[in-house]
Structure formats: structure tokens, C-alpha cells
Amino acid sequence: MAIQCLILGAGQEVGKSCVVAMIGGKKIMFDCGMHMGFSDHRAFPDFSLLSSSNDISCVVITHFHLDHIGALPYFTEVCGYNGPIYMTYPTKALAPLMLEDYRKILVDRRGLEEQYTYENIIHCMNKVIPIDIKQTIQVDKDLLIRAYYAGHVLGAAMIYAQVGEEKMLYTGDYNMTPDRHLGAAQIDRLSLDLLITESTYATTVRDSKYLREREFLKAVHTCVAAGGKVLIPTFALGRAQELCILLDDYWERMNINVPIYFSAGLTIQANMYYKMLIGWTSQKIKDSYTVRNPFDFKHVCPFERSMINLPGPCVLFATPGMISGGFSLEVFKQWAPSDKNLIAIPGYCVAGTIGHKLMSGKPTRIDLDKDTRIDVRCQIHQLTFSPHTDSKGIMDLVEFLSPKHVILVHGEKPKMAALKQRIESELGIQCEYPANNETVLVPTTQSLKISASKTFVRNCTTELDGDERIAEGILVMEKGHNAKIVSEEEFLETIGAERNVVSFTGWVSPLAQ
Amino acid sequence: MEEEGSLVQPLTTTCNPNPLFQFDLTSLSSAQALLLNPSTSIDTIHSTVDSLLLSLPHLSTNATSLSLALSVLAQSAPLHPSLSQSIVSSVRSLINGQDRTSSAVLSALLSIATSCHNEDGSSILTSILDEDLVLSLASSGVYKIRSRILRLLVFVVGRWKCSGKFLTDEVMVRVFLRFTGDIYPVLRRDAIDGLCEFLTVARDGVDFCVPECCLEHAIGLIGDDDEFVRVAAVRMVGLCGEMLGEKENGVDKTGQMDTIFTQICSMARDMSVKVRIEAFNALGKVKLVSDAVLMQSLSKKILGSKNGGKSIIKLDKASKPCAAGAYIHGIEDEFYVVRKSACRSLGIHAVMSFKFADDSINYLMDLMNDDSESVRLEALDSLFRMAAQGCLNVQEKHVHMFLGLLTDMSSLVRHGARKILQLMKLPKLEIFKSTVNKLIANLEKYPEEEEGIFFSLFSLGKNHREFSLNVAKDLAKQIERTSKGDLTFAKPSMAATLVVCIASPLSENENVPDTPVVLFSYAVPLLGRISRALQGTFDQHFLLTFLLDHSNIKWKSRDLMPEIVSKGISEDLMQSVIKFISKSVGDAWSLIKGSNGNDAEKILRSCMKELEIISLNASQAAITTLDFFSKYIQILQLISKIQCKFDFRNSTTFHIKSHHILLEKLDSALRKIRYSFTGWTKEVECHILELSLLVDVFTFSLARIPSNEYLKNLLSKISHLEAISCLSDFTKEIKRLIEERSSVMVNLHSLLKVFECSGLEFVREMKPIKAELKVVGDDSENPLTFVPGLPAGIRLWITLHNTSSTDRLWLHMSVRGRRPQYVFLDLSNFEGSEEVRKCSSLIPFYETPKVASFEIRVCIVIECLSEHYEVLKERGGPKYDVTELSVEKLVYFSSVKSR
């Protein structure tokens, strides 16, 4: 028996995660993502490699990021898949927002042709069956799936699938170190045949997050203490909440009275989801939830456009991240010329954005267009918060689960090769990192129930050899009968043979050399 | 009782041995009910138990009934310990019976043994069990039997020392070790727990190989599938590590300890919270770990072996990756309990290795940013221990975070941070200065912590001689620049900086010549505050002499200051303090006379402050005097105010009402001082009477046309004074004026001129007249009940101090907005002497209002017999003015209906 894995996406690359695994004769599609770097046919997994979209038993989506869910409406509405789709409750809630947002950007801003319509998204999401953490779902008679907490983003899950004796786990993206607002990945000891894990940071070993937090807080505190303004350009979900909890806590402890603002569009909706989905956040939040919802920030107030030039210190979270336009750019224009102010950029910035320019060296002026030029005198603080696990985390998870095989996806080829090397040498587990559209066959062991005859059992208990018990017997497998282990005498009886003893005598010539 | 009788009936028949008798379920449950009922008589219990025991052999064919009967016996044994022995001896024969029977017997034994006192429990087991029996039961194929014998063994091993042993140590350990391989996780866990118990109990008595053997098994089990087994196994690894580390056998144990440490480290990434907590607890127990392995536990990256010796190379392949970053994972954990545990064990290792301490301080400092307060406190505790061991090497990058703690929300955290600061060695002057500034910020935000802050500043100054000298010079320059009397120096920051500056000269007599003299003079007025902070280090007297010696203040009387030997303020010092205050009061009085009320007020206020500070560590007798003086000064303050008003009166508008209020206040203050103290000298009494005369003069002059009543009153006081001693000029003058029938008002100024106000002395015999009141069984949560309109009773405990039998005391009870009710306290009902009288009585409160709930104010007052005659007659209350002797107490009532 074997598990057959077809890597449709995220093989030796990051983007369009999609793996179709055939386990015990059942086909499961894990994730159905799109590649953000392409806008042509390469953006989607090559679904033509599937013989038919409807021989798939189920589709399971791990979390709401577009590179894990982006192609789902296309697969269901255009390719015509109509089987069950599973995702966690938060993913189901947030996914349509992400999909629609991206579709709009694609069509309205870039003027490209859309791959699916708004109606497609709604129709597709209507088919989704939500699942909960550690809930076991019997998809059909043989196949069961179960979701485990993965950290990473709100509602991210690792998916365990089992058919008969064959077991596998697809991790999706996960984080082994907890945030302030999300917990660390959590899993049981499962004896797996196959583990498919992400490997975004296959070779990076990250330092303690405390160092980054300390520096961030120090920068912000020093700035506001000197009467400056702090701008933190972020996207609505994830980092904004993480940093805000950090600041809100610090403000509370240090008794700081400087206001923290959230620009209006950003949080009202996002924070609402977080408030509702408390069960999916970290232990700290769950603990304090009984007293107060930690997403009802104490020091946070809504921001209005007219407040940009008000005197006095403040901290402002503004969308979009990377200062790629919109409100955060507007505020940046006003605040950048003062050396008292601080711009804190959390996370990665795409080339071409102002955020990227600020991070790559300290520019003194930025030409926005030929008429607008911004003098940049403010301080710049760069933060690296990543919700992906590092190589130590991957190794720890693999070691904890000790599966028989590991497949690496969602990473860069050279780094994956290094990680494969480590997994094989340090843990002695076979590991592969197939490219897109490759199929990997993973052999599985099949266990078989056998019965033992009474004589054999008696022999076992009597023939004691020190502490170790060694018993000899003969395994009999007949068609139509259960396999059975019998003792030598019984076996002779069944086949009606007599015991013959052949003895040999050997001699060695002392001269033979 | 009837019921009991009817139940006993069928059972008592069994006492006549009837071999055919069989307990059915109904009678068993009746027996159970009888045995568990606490009011069953002893005889009935004995006969019930006897009949049950007699029937046991007959029940042996019926396993269900037998096990039920045994469980009934087991349940009753804890309630009736006297029966244990007979039950045990009867079940002895059944232990080798059928599987179900022996498991029932074992569970009965367990419950009997656990209910007994320490030694009895295990001696009961010793009387029944022996090695063969234990071994045969332990190797039984039945889970229940195995689990129960194991639990019995775990029970016994906890009391191993105080009982006779039925197994040798070796057999015991072997049995446990065998159970660690059982297929049932519960048994594996229990077996490990038993081994742990054994190792702890027999700590020093065991051979070296026992913990080694246990360790081997435990390491095999830390990868167990069951969470609880892993928890127990990790605990045992830690325990074995601890024991092996302690035992001396002349071999270098670093290698072994390293292996144990890394093994436990590998559990730091377990998915179970319980295992992780246990793992970090265990890590703290393993000592003698090599630096290389410790350092590895602080780094997720595998450290190169270039900086280590042989042991690292050996560990490289197998164990090093396990240890990698264990502590990092621990302090970043999602659960605060794990972080706390990691923090504690990090602190333990940091104290033992300097190299490790340098690195771990980064993480401990970072934990100051943790969201859980208990983790922050744990980290502070670890840092404190490091500081105490001298291995706390603070770097510049930590300072911002650490100093932030001084303005933290939590007072515990602030306290912890200050404790560390007292021991810390700061590398740079800038850091020193910012630390001082942060402490000042702490002081400004939380002035109630002044004592602690001053002590930290003092220690800081003491530990950094050079830096504090630098600060001192800056401060002196600042003082020179500003003009005298600048109020900026009255700020708390000034006091704080002065403490830093005088610390090192004071503690080591160093820096003295370098420290600017002016600072010592500036520190003198802060003496009270500084000496409170340094309680236990320097006494106040020493501090004062030191400061005066080095300052440029010339104060001759310092030589008169007595040496302070013990803590608290001695009588001599009290006398000098009182002398000083008395002198200041005299000064103030001359200012009042000279119509310089503001300056007088300043002097009086500072006297008050001084009294407050001194009374903080004064003896009981001294407190009475101090209390007297503070009341006296209050009176002078009021007189000063009134005097001001009188001056204004002639020139501008005059508020007669406010004047009356002041006079009323003065009158009541004077009453209070007259009736709250006893045992004063003639001089004091005269002075107080004269003061009261003065008040009368004020009232007199205000009334303009004095009534005869007042004149009579004045004359009676004067004659009283005459009786005590010869008259002062002031009294003589008044007497003359009255006799001449001239207006007192006109001569008010001349009268004041002759009034003298000095020479009050420390009166040793002075005693306070006071009362204590305690309301029994009442607080705002549990009010007393009442029926509206009907009287309600209040149970009171009253204690009276220094009252004479001629005093007339009343209980004053008032509801807001109503006339008060007085109840006379008959002193003959009290027990005790004049010094202390005590009494508990039920006082009725008559006019309960028609409301759901109300509160009344209760206090004890004394009638001032020599004062004005008041019209309170018709209420049945006191006839004269009264003054309070006790603190006002609130009594809460709630209506019966509203309950």
C-alpha cells in the first residue's frame, strides 16, 4: 500500500499551495491556492492533471491566505468540483473578504480579466462545511479528517487524514512559537505514515521575539516621550492586532497617557472578528477574556482625518501596510518631515512601495511623482515579525511526530534541500521535496490482525530466556481464513507431515587457509 | 432511635452463629447505612461489624456479595478506627482467593491504611503482607489487583522510615521498576511516583546505583505516549539528576549531568503543558552542568564546538541539538506557568555559572515585558538572586526596560525592581543619573513609597561613590546658583537627590571632604524622612549628629542630645524634643502677639509635622505627650487665626459668623484637651485654664455686652486658678478689669500682651482618657436586623482608660438628620480598675426609623462638668457640654422584612 501525492502547487516555491493526496484509495485536496506573482494561467494550479475534478473526496483549506485559498472559487465554479469543502470557522468567515478584496484589486486597479466573479465566490463559500479544532469528521465510510491548531493566522489549521491504517498530516502554514494574540501549533502524538510540512524558513533559526519587542517598545516610547508621533502602517489582520496588544499592555503597565489610534477603515471590522473568535486566539487572550475582551483596547481610539496635524504625541496604526498608498501614505506625507516622528514598519515590504524604500537605506527625500517630493527626516524602525515557524520549529515538529516519511512544500529549493539533509541525517526519516506537478509515492505499512494458537501462547510463556522472551512459531495465511500463528507441532499436524531430523557433521581441515 | 432499633433486629440475630445466614443486598445496604450514620451507637456498630465479619467466610462463594461486604467494611473503617484491627485480621485469609475477592480485599486494606495515622497504617499492612504475597499479587494478570497492590506499595513507601518493612529496599525498587513497564499507563505513572517517593524518603540511605538505575528507566519513559507518564518520568529524571549531583563518589560527574540535562531539555518542546512545566522544574534541579551545554540551552542555533573541551565534542552528535534553545522556548511559551517555571530554573543556573549569567540576563530582562505579572515577578526574583550573588552584570541595552519597571503599575514589581537596584553595580555615570531620575519619577508618582525609594537611593549612592560625588557637586552648584528661600528645593526630587549625595559619606565616612558642606545643611530638615527610610541601618541620633557635624549649622544644644541606644525614642530625647517644641511655641506666640500670624502659623505647622514624624516610633507613654502637644498646637493655631480676624475687625468688613465658628472650634478643642488627659502637673493645668480664660475673653469681646452668666463663669475660673497656685499677670489683669467693670474688649491687646505661652514641659505622668468601642456581630455586609418602630439592641464591648468614678460618660447614638440619643454608662457596671474598665452590654436604640436599612453613629462622650450648663435636659441626656472619647463607629441595620 502507498500514499500517492500529486504536488499541484508550492513545490519548491512559495505560492499556490495545493497538494492532492491519494490515501487508501481516497483523494483529498489540501489547500487550493493561487500564486500572487502571476496573473495568467500560471497563477492557478494545473487542474488538468487531475483526471476528473469529481473523483476527489474532499477539499480541505488550512487558512484564509490567498496562496492557500485563492483558486478555490475557480476550482469549484469553473472546473465544476461539487464535493465537500472543509475549512475552520474563522477561515470561512474571513476568506470571502480576502477573495473579494483581491478580485476587486485585480479588476479595478490593474484592469485585468477576472477569473471568477463575486457571485462565484458567494456560491463557492456556500458549499463550505466549517470544522472546529480537534473535531473529527467522517467524510465518508473510510476517510476521516481532523483539524489541529496551527497558530500562523486566525483560524489556521493543520489537517490530519486517515483511511484505515494509513495516516497523514498536512500542516499548511504554522507557527511553533506563540504570539501575543495567537497560540503555538498544537498537535497530538500521531503515528504518521506521511507528514507534508511547509518549509518557508527551512534554514533560518530565529532569535527570541523578546529582543524585537523590546527594541520596538523602546523606539516607540522614546519617540512619544519626546512628543513625537508614531506611524505604523499595517494590514488589517494579524500584525495590527499583535502590535496593538503589545502597545496596549505596555501603555497600561507604564501608565502612559499618549493616545493610540486606529485609522477607521482598518480595525472596526477586523477587530470585530477577533472579538468573536476568541476561542482561536492565544492562551493569554483566552485567560483574560473572562475579565475583559483584550481586543477592546483600553488606550485605543478611532482616528479622524482632521487629527493628522493636531499637536502632541500619538501612535497611529494606518492601512495599507508597506505605505503603498491610501491613508497611510497621506499620513506619511504629513509626518515624515519632522525628525521627532517615527515610522515603524512591521514585516516585509514589496519592492516599489515607499515602505521598501524606507527599509532599504535611509533616504532623505522621496519623490512621489514629478510634482510631489517628501523630505524624510523622521526616524525609521524596522520590525521583523513572522508568523511562520523557523527551521528549529520544523525539526521539532518532525521529531515530535516522528512520521515515516516527510514531504517538504512551500519553500525555496536550495533551503529545502538543506532541510531534507538535516531531517534524513539527524532524525533518520526519509524526506522529499518534489517540484510542482510531480507525483510522489510513499509506501505505507499495513498492519494485519493475526490470531495465535493456544499452544503457541503456552510456549511463549514457558520459554523464558532471561528478561527477553523469544518464541518461535509459524505464520499460516490461508485464503478465506484469518492469519494465524501456530507452534511447530501444530503446523506439522495441520499439514499432516512428520518431523524429520537431518543432521550434518562438518569438519575443517587445519591446513585449509 | 426507633428506626435504628428496627434495623438492628435482623442483624443481631446473626450473632447467634447461623451458618446458613447469607447477607442479601438489602441487609448489606442496611448495614452500610448503620455504619455510616454518625448517630449510630457504638454497640450497634460493633455488632454490625462482627456479624459482617462472621459472614465473610460464608460469602466466599458469592464474589459479588463478598466484594460488596468488603467495601462496606472499608467505608466504615475510617469512621471507626478502633475496628480496623479486627477487620484487617478477618480479611487476611481472603487475600489469596479469587481475583475479584483479592482485589476487593486490597482496596479495603488501602482505604483502612490511608485512614489511619501514619504509623498505624503501614504497621497494619506489615502485619498482613510479606514478600511472597506482594510478588505474587504484583505479577497477577488482573489489572485491578496489580493497580491496588501498586497503590498500597506507593502508600507504604511514603512511610518507609517509620514502619517495619515487609520488603527489602531492593525488592521494593525492583517491583516498582517492573511496573514501569506495565501496559497500563496509570500503573506506569504510579510506579514512577512510587520510585520518586522512595528516592525522596530514603534519600541518603540508598546506594549510588539505585538512582542510576531509576534514571535509566525514567529516560526510557520520557518518550511515553501518555502525557501523565511523561510528566512523572521527567520529574524522576530531575530527581535522579539532583541526587546524583549531590552524591559524592569522587568521579567527575559533568558528563553524566550534561546527559541528564539535555535529556530533560528535549522535553521542553513537548506538546503537553504539564510536561513542559515539569521539564523546567526538573532542569532547575540538575546541578554541575557544563557551561557549554548551558549556553546551548540559551541558543536555538547549534553552537560551534571550538570554544569547548572534550565533553562538547562527545555531546555534539547526540545530545546537543536536544538542548538547543530549551530556555528560549520556555520563556517564549504560550502558558505563563511554563514561562514562570523556565524563569525560575534559569535563575538557579545563572547563579551558579558566570558565563551563563551574562547571557541569561538578556532574557530575564526581556521578560520584564511579559504580559503576566507573576512571570515578571519571578524574573525579578531571579535577577535579585543573581544580584545578591554578584553575577548581575547590567548592560546599557537593558537599562531602558529595567528602569521602566520603576514606574510600573504593580507595586510588587516596583518593589522588586528597587530591591535589585540596591545591589546593582551600574557601569556608567549616565546610567546612574537616569536611574536616580527614574527613582525620582517613581517617588513623584507614588509618594507613598518614599521610604523604600529613599533606601534604594541610599544604597545606590553608597555603591557608586564616584558617581554620587559627581551628582553631589552638580547639586551644590545648582544650590549656589539659586537664591535663598527658593521653593524649588522643597520638591521631593531634592530630598531624593540629597539622599544619594549623603549616602557614601554617611556609610563609609569617605567622600566627606569632597562632598559640598551645603548639602549636609540641606539634609538636616529632612532628618525625619531620611532616618525613617534608613531604619535599622542608622539611628536618628547618629544621623543628626553626623549631619550637624558636617554642615555649617551652628547648633549648640546638639551636645545635649542624648545618645540613642535602643530603637524607639527614649525619654530623654522626648524631653529635648518637647523642650524644642515648647520653645518654638513660645516663639510663635510672640509672633502672634506681634500680629504676625502667617509666620507663627508656619512655625506651628512645622512643629506639627515634627510631632507627627516623631510619634511614628515613639513609645506608648511618649505618644500621649505628643498627642497632647499636637492638640495644644492646634489650639494655638486657632487662636492665631482668631487673633488675625480681630485685627482686621477694626479696619474692614468683619464676618461675625466665621468668627463664631472659629470660636466654637476653639472651645471644643479646648474641651477636648481638658477632658482627654489626666495626671498633669499644676503648671500645665494652670496654663490650660488660662487658655480657657483667653477663649472666654474672645467670646466676651465678641458679645460686646457681656452677660452676667459669662462674668460668673470667668470669676469661677479665676478662683479655681487662685486655689491651685498664685495668679499670673494675665489672670490678675482680667480680675482687675472685671472688678473695675471696664470693657475687656478695649483692653484685648493689652491682655494678649501679658499672656505667656511657654514653659510647657514633658509630663511623665500624663495619661490619656479614652474609650474603645467594638460592635459585636455587625458590619456593612452583615447588618443587624430590626423591626421598624421597635427598639433594636446593639451588643457593645466597651473599654475605658483612665476614667475616674466621678466622670459622667454617655453613649452617643445618632442617625443622620435626627436628634441624637444618649445612654448613660454606669461605671459601676464595668469591671476592672480606674486604669482600664471593661464591659459588654446590650444597648437599646429606641427610635428606629421606618426604612429598609439605616446606619447609626455611635461614640462615647464625657460630660464636661465645669463647662457651660446646656439645655439638653428634656432628652434625658447630659446636662453639660460633652467631648468625644472614642472614635465614631458605624452600626448597620437592615429591616427584618428586607432580608
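In straight Cα distance, which aspartates and glutamates are under 19 Å from B:K144, not counting same-chain residues fewer than 8 positions off?
Once the sequence-local aspartates and glutamates are set aside, what remains near B:K144 is B:D99, B:D132, B:D182, B:D190, B:D193.
What whole number of Å gives the distance from the Cα centroid of region A:96-114 to the Cα centroid of region B:822-836?
Answer, in whole Å: 92.
Give a quick list of GluC sites (Glu not before Pro) in region B:182-250 that DSSP marks as loop, anything other than H, G, I, E or B, with at most 15 other Cβ atoms within 10 Å.
Of the GluC sites (Glu not before Pro), the ones in loops of region B:182-250 whose Cβ has at most 15 other Cβ atoms within 10 Å are B:E248.
If you find the alpha carbon centre of region A:337-386 and of region B:239-258, how far apart are they in angstrom?
About 57 Å separates the Cα centre of region A:337-386 from the one of region B:239-258.
What's the longest bit of chain A with no exposed chymotrypsin sites (Phe, Trp or Tyr not before Pro), using DSSP loop states and at most 11 other Cβ atoms within 10 Å as the test?
My reading of the result: A:1-503 is the longest stretch.
Among DSSP bridges having both ends in the protein assembly as shown, what percentage is antiparallel? Round to the nearest 5.
So the antiparallel bridges amount to about 65 percent of the total.
Set the Förster radius R0 to 51 Å, insert the Cβ-Cβ distance between B:V887 and B:T482 as r into 1/(1 + (r/R0)^6), and round the FRET efficiency to 0.05.
0.65
Using only alpha carbon positions, build the gyration tensor of the protein assembly as shown, then give the equivalent ellipsoid semi-axes as the square roots of 5 times its eigenvalues, largest first, whole angstrom.
78, 51, 34
Tell me, what is the percent relative contact order of chain A, built from C-alpha pairs under 8 Å that lie six or more residues apart?
16 percent
Could you work out the per residue convex hull volume over the alpha carbons of region B:762-899, in cubic angstrom?
130 Å³
So, in nm, how far is label B:S615 from label A:A452 when the simple model puts each one 7 Å beyond its Cα toward the Cβ?
8.9 nm
Holding the Cα-Cα limit at 22 Å, pick out from A:K92/A:K275; B:K602/B:K672; A:K26/A:K484 the pairs that are longer than that.
Result: B:K602/B:K672; A:K26/A:K484 exceed 22 Å.
Within straight cross-link reach of A:K357, meaning Cα distance under 14 Å, which aspartates and glutamates are found once same-chain residues fewer than 8 apart are removed?
Within the straight-line cut-off, A:K357 pairs with A:D367, A:D375.
Kindly state, to the nearest 0.05, the FRET efficiency for B:E772 paired with A:R292, given R0 = 51 Å and r defined as their beta-carbon distance.
For R0 = 51 Å, the calculated efficiency reads 0.70.
From the backbone phi of region B:372-381, what are the Karplus-calculated ³J(HN,Hα) couplings (6.51 cos²θ - 1.76 cosθ + 1.60, θ = phi - 60°) in whole Hz, Gly and Pro given as x?
Taking θ as phi minus 60°, the curve returns 9, 5, 5, 5, 4, 5, 4, 4, 4, 4 Hz for region B:372-381.
Set the bar at 32 Å for Cα to Cα. Now go through B:K445/B:K477; A:K209/A:K298; A:K104/A:K340 and name every pair that lies beyond it.
Long pairs (Cα-Cα over 32 Å): A:K104/A:K340.
Could you list the GluC sites (Glu not before Pro) in region A:106-135 that lie in coil according to DSSP, counting only those with at most 14 other Cβ atoms within 10 Å of their Cβ?
Sparse-neighbourhood loop GluC sites (Glu not before Pro): A:E113, A:E114.
Any idea what the relative contact order of region A:211-382 is, in percent, if you count C-alpha pairs under 8 Å spaced at least 6 apart?
Relative contact order here is 30 percent.
Straight-line reach from B:K850: which lysines fall under 23 Å, measuring Cα to Cα and dropping same-chain residues less than 8 apart?
By straight Cα distance, B:K850 reaches B:K889, B:K897.
Count, for each residue of B:403-413, the Cβ atoms from other chains sitting within 10 Å of its Cβ, then give me the mean as a whole number.
Mean shielding by partner chains, rounded to a whole number: 2.
Just list whichever of A:K16/A:K413; A:K167/A:K404; B:K285/B:K340; B:K645/B:K665; B:K397/B:K425; A:K16/A:K420 have alpha carbons separated by over 18 Å in the model shown.
The pairs that break the limit, which is 18 Å between Cα atoms, are A:K16/A:K420.
Using modelled backbone amide H atoms (1.01 Å from N, in-plane), which distant-in-sequence or interchain residues come within less than 5 Å of A:I131's amide H?
Long-range HN contacts for A:I131: A:M87, A:T88, A:Y89.
What average number of partner chain Cβ atoms lie no more than 10 Å from the Cβ of the residues making up B:392-402?
That works out to 2 on average.
Using the Kirkwood formula on the Cα atoms of region B:32-117, what hydrodynamic radius do you get, in angstrom to one decimal?
Averaging 1/r across every pair of different Cα atoms and inverting gives 12.7 Å.
Where does each of B:R235, A:R292 land when they are ranked from fewest to most other beta-carbon atoms within 10 angstrom?
Fewest-to-most Cβ neighbours within 10 Å comes out as A:R292, B:R235.
Take every Cα pair under 8 Å in chain B that's 6+ residues apart, average their separations, divide by the length, and report that relative contact order as a whole percent.
So the answer I get is 5 percent.
If each residue's Cβ is checked for other Cβ atoms within 10 Å, how do A:R189, A:R458 rank with the fewest at the top?
Starting with the residue having the fewest Cβ neighbours, the order is A:R458, A:R189.
Averaging over all projection directions, find the projected area of the Cα convex hull of region A:211-382 and quote it in nm² with one decimal place.
Over every viewing direction, the Cα hull of region A:211-382 projects on average to 10.1 nm².
So which GluC sites (Glu not before Pro) in region B:780-883 are both in a DSSP loop and have at most 10 other Cβ atoms within 10 Å of their Cβ?
In loop regions of region B:780-883 (DSSP not H, G, I, E or B), the sparsely surrounded GluC sites (Glu not before Pro) are B:E781, B:E835.
In peptide B:363-371, what is the residue-averaged number of other protein chain Cβ atoms found within 10 Å of each Cβ?
Partner-chain Cβ atoms within 10 Å, mean over residues of B:363-371: 5.
Calculate one ³J(HN,Hα) per residue across region A:141-154 by plugging θ = phi - 60° into the Karplus curve 6.51 cos²θ - 1.76 cosθ + 1.60, and present them in order as whole Hz with x for glycine and proline.
4, 9, 8, 10, 10, 8, 9, 10, 5, 10, x, 6, 9, 4
Please sort B:434-445, B:458-469 by packing, taking for each peptide the average over its residues of neighbouring beta carbons within 10 angstrom, highest first.
Descending mean neighbour count gives B:458-469, B:434-445.
One-quarter of the Cα convex hull surface for chain A, in nm²?
Average of the hull's projected areas for chain A equals 37.0 nm².
Separation of region B:438-483 and region B:123-153 by C-alpha centroid, Å?
About 71 Å separates the Cα centre of region B:438-483 from the one of region B:123-153.
Would you list B:T624, A:T136 from fewest to most Cβ contacts within 10 Å?
Lowest to highest Cβ neighbour count: A:T136, B:T624.
No value in this document is a laboratory result; all are computed from the given coordinates. Everything quoted here is computed from the prediction, not taken from an experiment. Here the Cβ is made from the backbone with ideal geometry for all residues, glycine too, and neighbour counts use every protein chain on show.
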